[in-house]
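S.K.: Okay, handing you the structure first.
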Amino acid sequence: MGDDGESAGTNVAIISSPAGFDDNAFNDNAVEGLEEASNDFDLEYTTIEETEEAQYESTQADAAESGYDLIICVGDNHTDPLATNVEQYPDQNWMLINNMIDGADNVSGWIEMNNEMSFLAGVVAGVMTDEEFAHEDSETNPDESIVGFVGGEDIPLIRAFEQSYVEGVEWVNDDAEVLTGYGGSFSDTGAANDVAESQIDDGADIVWHAASAAGAGAFSAAQDNGRFALGVDVDQSVTEEQYQDVILGSAVKALNEATYQVSEAVVEDDFESVVGEQNLSIEDGSIDFVVGQAFEGELPDSVEQTLADAKEAFENDEIELTCGPTSC
Amino acid sequence: MTRDSTPPAVHLEGITKRFGDVVANDDVDLTVSQGSIHALLGENGSGKTTLMSVLYGLYDQNEGTIHVDGKPRTFESPKDAMEAGVGMIHQHFQLVKPMTVLQNVVLGHEPTENGLVDEAAAREEIEAICSRYDFDVDRHLDSPVEELDLGIQQRVEIVKSLYRGAEVLILDEPTAVLTPQEVESLIDVMTDLRDDGRSLIFITHKLDEALSVADEITVLRDGEAVGTVPADEATEQDLARMMVGREVVFDRLSRETSTGDSVLEVEELRMRSDRGRESVHGVDLTVREGEILGIAGVQGNGQSELVEGITGLRSVEDGAVRLRGTEITGMSRRDRIEAGIAYIPEDRQTEGLVQDYTLVRNALLGNQTVEPYADDGILDWSAVRRHAEEIIEEFDVQPPNPDTDAASLSGGNQQKFIVGREIGHDPEVMIASHPTRGVDIGSIEFIHNRLIELRDEGLAIVVVSSKLEEIRKLADRIAVMYEGEFIDIVDPEAVTEEEIGLLMAGQSLEETSDGETDRGVQA
Amino acid sequence: MLEASVLERIGIAIASTALALLIGLVIVAAAGHNPARFAYQLIVGSFGSGRAVARTLRYSVLFVLAGVAVAIAFRAGVFNIGVQGQFVVGGFTTVVTIVSLAPYLPEGTIGGVVLVVVGTVAAIVAGGLYAAFPGVLKAYGDANEIITTIMLNFIAIGFVGWLVAGRFGDPEATATRTERLPDNVGFPSILFDDPNLSIVGIVVTLAVVALVAAIMTRTRFGYDMVTSGHQERAATYSGVDAKRMIVSTMTFSGMVAGLAGAIFAIMIQGYFTDPSGIGNYGFDAIAVSLLAANNPVGVIPAGLLFGGLESAGSHVQINSDVPVQLIDGIVGLVVLFVAVPELFRMLAQRTGLGGDAE
Amino acid sequence: MSLAEDVTRNRVRIGTLLVLSLLVGSAVLALRFDVSPDELLVTVRRIFTYGFITRSLEMATPIALAAIGGLYAEKSGVFNIGLEGFMIFGAFSAAATMYFLGGTSPSQGHVWVAVLAATIVTALLTVVFAVLLIRYKADQIVAGLAVWFLGLGFAPFTAAVIWGSRSSPGLESVATVAFGQSPFVLLTVLVVLASWVFLYRTQYGYWVQAAGENPEALDTAGIDVNRVRYATVIFSGAMAGLGGAVLLAHAGNFVGTGETMVDGRGWIGIVAYLFGNYNPIGAAAAALLFGALDMLNVQFQTVGIEASARLVNLLPYAAVIVVLSAWGKTRMPSSVGEPYESEE
Ligand SMILES: Nc1ncnc2c1ncn2[C@@H]1O[C@H](COP(=O)(O)OP(=O)(O)OP(=O)(O)O)[C@@H](O)[C@H]1O
Ligand SMILES: Nc1ncnc2c1ncn2[C@@H]1O[C@H](COP(=O)(O)OP(=O)(O)OP(=O)(O)O)[C@@H](O)[C@H]1O
Ligand SMILES: [Mg+2]
Ligand SMILES: [Mg+2]
């Protein structure tokens, strides 16, 4: 598009995180906001998948050279290269998801409190494993307090998810046991499935995943073994519809709203309003837990109650998490 | 034209086969009568293998016709030839090494039952063939072929052809790789087969073999059939003349031995074979300037290991090797080359030459550290090229083009090139292993003459050969090796070939009084 | 004859690329995009601007170096599939060496140059050793090097990844990476205003190619090596210690791979990340080397071709809607066709072009 | 060679690997927990569960299938290094078939049809590959790598065209049969045994072996070497495709991001048959071993043995190196990689 300049409207480019697009989670969630924006405004967007971290600096620069009105960089790995490029391209509007660039006046840096999101997932898992609950072919085991966590690649980002989730579970029930494991990949559903099955075998009745596209494997493990699972980033009972009978709910962050909001600002020539550090947090309502489609109004009241308690505790700064949003 | 009631087993008429510009067979006629052995003689490259490949369906002839058993035939593939009862045993065995003898024999013609190979039926049939011709192959039916000696492998090939119902058997240089004993038993097999009514075509370079076993002999030269003679009317001289087109002298070359200092000494050498068995049990030998020590013996009696111990290709268990008094037992192969040990290897195809290198590149082989070709690890290709050109000229290597690949040279020419290169090292001592194996008569004569010349110039030479005639012709002393030891050292003038043959078979000449048999003799 | 075959090689490379692109364009059209525009983007994306050229060269430097590493081994009949692992080990060693030595050296240019040199040498040594290991296993343990090197790739990536995420991670950084190289470490930006491409990288690459080519053709070591690759028994006969030669070959190959890793770390990345996210340079290098018939000089155009396609891929992503996986597919087609010279000989004969090729 | 002998031959290697992994496992256990034998027993029970066995088998299945295919090709003299690529094509075609038959809620019948269709589609693709290798004498390593690149490129590309995403929506996974086992596990056991019998007990098996060891011998025995090779290469692609399809049938949806859901299983398949020394049973045993090691790692994580997952994941690779160096001798058929041209 840069070359042709055929469109008079706003042009946005979005560069993926190393996990790439089509993950039904993080990256796609960011794109979703752009999709909405393109419906609402005279805006077009291009997705640029770059899975090689070493290329970020140059890919960002190439995008900047192509004359986009806004370039969105998904993921923390963009931070270092972007620090260079914001100086190289001072007139370019940038949006960085997961971090911010100190002192840059052309970057809208969005820090999403993954830790808070993970904590909420942990809270729900902690509550549900002690409840007696059944739905279609699945049921919990109230006699034991065991839940599972399925990671994708074993990297600090996901470790931070794990730790915050564990803290959420323990906040509800100090004695609960959290079985954790990593499939080693964000695309290998089989591996995630094996990890989840192993945990379910060992007694887990609720599993949560942070494994991007591979996470579907965790859902199918729950489905095949009559247990439940929780989704991540977006309402996965919608994006992974065939597992909606086991997805109790999803811990979500409103990344789509963030990209929508920044796009809107650019369309309205008001980028300054979003420059600097922005947050997706429980406090401002952009991190939350949504109940799965098939479970609306069905979950025990304790879930809603405990979630409300947790959110309140966050607002009152009563909860101190070990890990930050991207690492511990 | 014979008006015999039985048609000839094979009748080839006007066969012409061209490879590009090369005319490998030029209007060749050949008639093999039923129940006979027909020998095919000719120098390397004269077209023997090509002619037989045409008969066996491997090549399509450009012109000419094939009659088998009186009927005209066109063979698209060996399969057709086999169906017509023609079998061929190649010079390089067509055996699948890791598969068992039984599997090899039945390959392509497996009896089956319920979709599986019927081993029992196959076994029975093979055993029947073996007992009919008194083969020992059936003892090895379940061994992988690679574990067997070459002689047995060859008999496996023969059994394979018979199993497939071959009435006409082509044997391409079957004796080249065999020990004298094995040759003898092969000849027995061949005559048995003939007496059983089968027809055999027998390619060889050895005139005596052809004369002794064949009924008729056809000689090829430059792709043309020079003539066919009944074996009992021909002499070696006649045949040799037909093959090379001139007189060939077979007499022992004159020798004015004046030996000098001792060059190579081996003391109490012990070596192990690949299989881990001790195959050289304490051999002593000394070679002096200006002499040729011949080592005779049936293959597999430790000659190869002994040579490798001297040349540095195999590590020594025990004992010492000395070159001009300096111990070199622990020296690497490269250091030994530099110290002046030249070596004409047993296997020119895989050791002596890199097949897809040009002659220029091959001229460097073994010379990588020798000036002027190399200086401090840097190569001087123009010097190497000059060297290659010299070798080609001096040794009459055909074609005389230093840029041809070694692979495209005939065996004799390859060998001449190697001999030339090894002499070019200006060595202290020359070890020649089977220097003329599979080489045509012209080249043999040439190589022999060069070795004698070198001897006369004062070089110390060791020649290992299983060809008695060669050993007798070249050697000043003959050490006969048997089961890892020198069983005797003899003067070539004083013994007959039969006597050497006995020694090689492990029998001492005079039944010595003291009965001392366990101790080797020092050469 | 040699020249004819070089020309033929080039012809085949060009024909394969052209045919692959043609098929790619058909697919683009079938998927409902504009093929002419796509083709235009490919050209613009690889050579159409200063930036594109720089990007192409940046990729090419890595492809060429890694390709040379592969070529060395393949020439000697040793199948080093482990260039990727050696590349990773080399790059990581460079960064660790430089970061840990930096405090002891002056901050200026001189200190920087010393660090670059020491870091590069460290990478060469590390890459060499990491390759020597499977060499030793093959020579003295009879372990098939194709398998061991593939295994060692996994191990290098996993282990270095573990180190980068843990012990050698930058506590300040949010992403998984080592500390950055100090500011005085890097290659000067002359000629190209691309932050990740330096003339130094190109010169080093060309020098390595020249050096390796000279070693292969003009030295005893090269002759011994190539002879071992062609016919091991003949090499042994000529005084080459076959086992030692395997180890030397692997070491030599790994040294070049390690150097490629150093260039990647210093010129492109400036730190070291989780190696599972680094491109498959070591694997692509196998195709590069084979495209060049394992000839170190031929690796230059082959590397340029791969660099150009990769670079065009980046451009197409940014400037069109065609899914970028198509570029991967086209690269696959190029590689596939390159593997089949016979097909093109046949085509050439049918069409009467260069029919005498044989 | 009898079946029993065969198992004995490979037992040494496999036994070693098992012992090795158990040793490492216990060492980790003992080091990590200063525990009483009783607790240790409990932990061991938690690790070696029935589910562990099931998952190991399931993990091994696609690898074993691809390995059997690759083994046949290589036995006959053609190195099919493209297994990974064919697995990707297999997984993708299975997903696409299932989707076209049953949308996002296909039936069990559709699953089976999809697996069959994927096998056929991959076999057809392999025909082209085989022609390039055999008729046009393509370099086997390069062409095989190319197949991998093609798989990584075109499968996700086509997925994006069909689904607007490189990953399919959720489809259906195959229902288990007896003892909670996937029917494909049982099928694979049969395939392994059948391919052993076929290779060592039928005439075609003899031909396959001869084609790889000494094609000329086979040719002169009147068998068309290249026909044999066509058959094995196409078979290898079909098996890899089947492996990919089975992987998909177990997973229930296609993922085409990153290295795709196949994620190196084809490469491990090659390692498996080399490790099993070209013997179908050996190859399957090796595949099972890799599967078990992988799952052991998962079990460790589940019971909370805090070894870095990343490092423990490297164990199988290290084990392969140790075993190969200690026992060496993977004997490659001698004509692998050489195109065969019968004279004239
Ligand atoms: N496949 C081939 N392609 C080209 N030329 C060939 C081929 N086979 C044989 N020739 C040539 O044909 C001629 C005859 O070769 P042939 O193999 O028949 O000789 P031969 O009599 O069997 O020799 P030898 O005694 O060495 O076995 C030689 O000049 C050889 O170079
Ligand atoms: N493809 C080929 N192209 C050219 N010449 C060939 C080819 N194949 C064989 N030849 C020639 O055919 C001749 C005989 O080949 P063959 O392989 O039969 O050698 P040989 O008979 O084994 O030699 P030796 O006399 O050592 O036994 C050689 O001169 C060789 O140069
Ligand atoms: Mg519970
Ligand atoms: Mg011949």
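The values are calculated or read from the model by the stated rules, or taken from the named source; none is laboratory data. The structure displayed is predicted, hence computed values, not measured ones. Here Cβ is always computed from backbone atoms with ideal geometry, including for glycine, and neighbour counts include all displayed protein chains. Heads up: the accessible areas ignore ligands, DNA and RNA and are worked out on the full protein's heavy atoms, side chains in. Shrake-Rupley method; radii C 1.70, N 1.55, O 1.52, S 1.80 Å.
S.K.: Hey, got the Cα dimensions of chain A along the principal axes, in Å, largest first?
M.R.: Per principal axis, max minus min of the Cα coordinates gives 62, 41, 34 Å.
S.K.: While we're here: Sorted from largest down, give the three principal axis spans of the alpha carbons of segment B:59-173, whole angstrom values.
M.R.: 44, 36, 26
S.K.: Give me the inter-chain shielding for D:167-173: mean count of other chain Cβ atoms within 10 Å, whole number please.
M.R.: 5
S.K.: Grab the beta carbon distance between residue D:190 and residue D:331, set R0 = 22 Å, and tell me the FRET efficiency rounded to 0.05. If you can, show how the numbers build up before the last one.
M.R.: Details: r = 27 Å, r/R0 = 1.23.
The formula returns an efficiency of 0.25 here.
S.K.: Give the accessible area for residue B:491 in Å² (nearest 10); use a 1.4 Å probe, count only protein heavy atoms, and leave out ligands, DNA and RNA.
M.R.: Here the accessible area works out near 80 Å².
S.K.: Output the direction-averaged projected area (hull surface divided by four) of the convex hull of the alpha-carbon atoms of the protein assembly as shown, in nm².
M.R.: 62.1
S.K.: Then there is this: May I ask for the accessible area buried between chains A and D, both sides summed, probe 1.4 Å, to the nearest 100 Å²?
M.R.: Looking at A and D, the buried total is near 2400 Å².
S.K.: Here's a follow-up. Amide H to amide H under 5 Å from residue B:458: which residues, 5+ apart in sequence or cross-chain, H placed 1.01 Å off N in plane?
M.R.: B:290
S.K.: With a 1.4 Å probe and all protein chains kept in place, how much accessible area does residue C:100 have, in Å² rounded to the nearest 10?
M.R.: Around 60 Å² of this residue is reachable by solvent.
S.K.: Could you compute Rg(Cα) / (2.2 N^0.38 Å) for chain D, with N its residue count?
M.R.: In units of the globular-protein estimate, chain D measures up at 1.02.
S.K.: Between D:322, D:42, D:298, where does the largest GNM mean-square fluctuation fall for chain D, given springs only between Cα atoms within less than 10 Å?
M.R.: Maximum among the listed residues: D:42.
S.K.: Rg(Cα) of segment B:10-244 divided by 2.2 N^0.38 Å?
M.R.: 1.01
S.K.: Something else about it: Report, by chain and number, residues whose modeled amide H sits under 5 Å from the one on residue A:210, excluding near sequence neighbours (fewer than 5 apart, same chain).
M.R.: A:150, A:151, A:152
S.K.: Next up: Which value, in square angstrom to the nearest 100, describes the accessible area buried between chains C and D on both sides, using a 1.4 angstrom probe?
M.R.: When C and D are taken together, about 3900 Å² of accessible area is lost.
S.K.: Round to a whole angstrom and tell me the spacing of the C-alpha centers of segment B:450-506 and segment A:249-296.
M.R.: 97
S.K.: Once Lys and Arg get +1 and Asp and Glu get -1 on their Cβ, which of C:6, D:170, A:243 lies farthest toward the positive end of the dipole of the protein assembly as shown?
M.R.: Working it through, the farthest residue towards the positive pole turns out to be C:6.
S.K.: How large is ³J(HN,Hα), in whole Hz, for each residue of segment C:122-128 in order, when computed from phi with the Karplus curve 6.51 cos²θ - 1.76 cosθ + 1.60 and θ = phi - 60°, using x for Gly and Pro?
M.R.: 4, 5, 4, 5, 5, x, x
S.K.: Here is a further query. Other chains near B:368-374: what is the mean number of their Cβ atoms within 10 Å of each residue's Cβ?
M.R.: What the average comes to for B:368-374 is 3.
S.K.: With charges set only on the Cβ (+1 for Lys and Arg, -1 for Asp and Glu), what does the dipole of the protein assembly as shown come to about its Cα centre, in debye to the nearest 20?
M.R.: Dipole of the protein assembly as shown, to the nearest 20 debye: 3900 debye.
S.K.: At q = 0.08, 0.12 Å⁻¹, what log₁₀ I(q)/I(0) does segment C:2-351 have when each alpha carbon counts as one equal point scatterer in the Debye sum?
M.R.: Those come out to -0.41, -0.90, one per q.
S.K.: Give the ranking of B:315, C:60 by solvent-accessible surface, highest area first, calculated with a 1.4 Å probe.
M.R.: B:315, C:60
S.K.: Which stretch or stretches of segment B:328-349 have amide N atoms under 14 Å from the point lying 7 Å from residue B:426's Cα along the Cα→Cβ direction?
M.R.: B:338-341
S.K.: Let me ask another. Enumerate the amide H contacts of residue C:170 below 5 Å, restricted to partners 5 or more residues apart or on another chain; note that Pro and chain-start residues carry no placed amide H.
M.R.: Amide H neighbours of residue C:170: C:177, C:178, C:179.
S.K.: Binning at 10 angstrom from zero up to the longest distance, how are the C-alpha pair distances of segment C:156-313 distributed in percent?
M.R.: All Cα pairs considered, the percentages come to 9, 29, 32, 21, 8, 1.
S.K.: Moving to a separate point now. Going by accessible area, probe 1.4 Å, with all protein chains left in place, what is the ranking of D:267, A:171, A:208, largest first?
M.R.: Heavy-atom accessible area, descending, gives A:171, D:267, A:208.
S.K.: Taking θ = phi - 60°, what integer Hz values does the Karplus form 6.51 cos²θ - 1.76 cosθ + 1.60 yield along segment B:404-410, in sequence order, with x for Gly and Pro?
M.R.: 7, 6, 4, 4, 8, 8, 6
S.K.: Multiply the residue gap between residue B:401 and residue B:457 by 0.36 nm, knock off their C-alpha separation, and tell me the result in nm, one decimal place. Display every interim value, and only then the final one.
M.R.: Values: separation 56, 0.36 × 56 = 20.16 nm, distance 2.91 nm.
Gain on stretching residue B:401 to residue B:457: 17.2 nm.
S.K.: If the limit is 28 Å between Cα atoms, which of B:48/B:467; B:416/D:137; B:160/B:473; B:97/C:138 go over it?
M.R.: Numbers: B:48/B:467 22 Å; B:416/D:137 35 Å; B:160/B:473 38 Å; B:97/C:138 23 Å.
Pairs exceeding 28 Å: B:416/D:137; B:160/B:473.
S.K.: Using θ = phi - 60° and the Karplus form 6.51 cos²θ - 1.76 cosθ + 1.60, what ³J(HN,Hα) does each residue of segment A:177-194 get, whole Hz, x for Gly and Pro?
M.R.: Result, rounded to whole Hz: 10, 10, 8, 10, x, 10, x, x, 7, 8, 10, 8, 4, x, 5, 5, 4, 4.
S.K.: Counting only Cα, what are the radius of gyration and maximum Cα-Cα distance Dmax of segment B:408-485, in Å?
M.R.: When restricted to Cα atoms, segment B:408-485 yields Rg and Dmax of 12.6, 39 Å.
S.K.: Further, regarding this structure: Which sequence of C:145, A:312 reflects their accessible areas, 1.4 Å probe, from the largest down?
M.R.: Heavy-atom accessible area, descending, gives A:312, C:145.
S.K.: Right, something else. Quote to one decimal, in nm, the extra length available between residue D:105 and residue D:124 on full extension: 0.36 nm per residue of separation minus the C-alpha distance between them. Numbers along the way, then the final one.
M.R.: Working: separation 19, 0.36 × 19 = 6.84 nm, distance 2.73 nm.
My answer for the length gained is 4.1 nm.
S.K.: For segment D:242-293 and segment B:258-306, what is the separation of their Cα centres, given in Å?
M.R.: 55
S.K.: Can you work out the accessible area per residue across the protein assembly as shown, with the rest of the protein chains kept in place, probe 1.4 Å, in square angstrom?
M.R.: Ligands and nucleic acids excluded, the figure is 37 Å² per residue.
S.K.: Tell me, for chain A, which Cys residues have no other cysteine's C-beta sitting closer than 4.7 Å.
M.R.: Among the cysteines of chain A, those whose Cβ sits 4.7 Å or more from every other are A:73.
S.K.: If one computes the Cα centroid of segment C:185-257 and of segment B:121-175, what distance in Å separates the two points?
M.R.: Their Cα centres are 51 Å away from one another.
S.K.: Still on this structure: Need one value for C:282-290: mean number of C-beta atoms belonging to other chains within 10 Å of its residues' C-beta atoms.
M.R.: Counting other chains' Cβ atoms within 10 Å and averaging over C:282-290 gives 2.
S.K.: For the protein assembly as shown, with all protein chains present and a 1.4 Å probe, just round the carbon and sulfur fraction of the accessible area to a whole percent. Show your work: numbers first, answer last.
M.R.: Numbers: 29380 of 56950 Å².
Percent of accessible area from carbon and sulfur atoms in the protein assembly as shown: 52.
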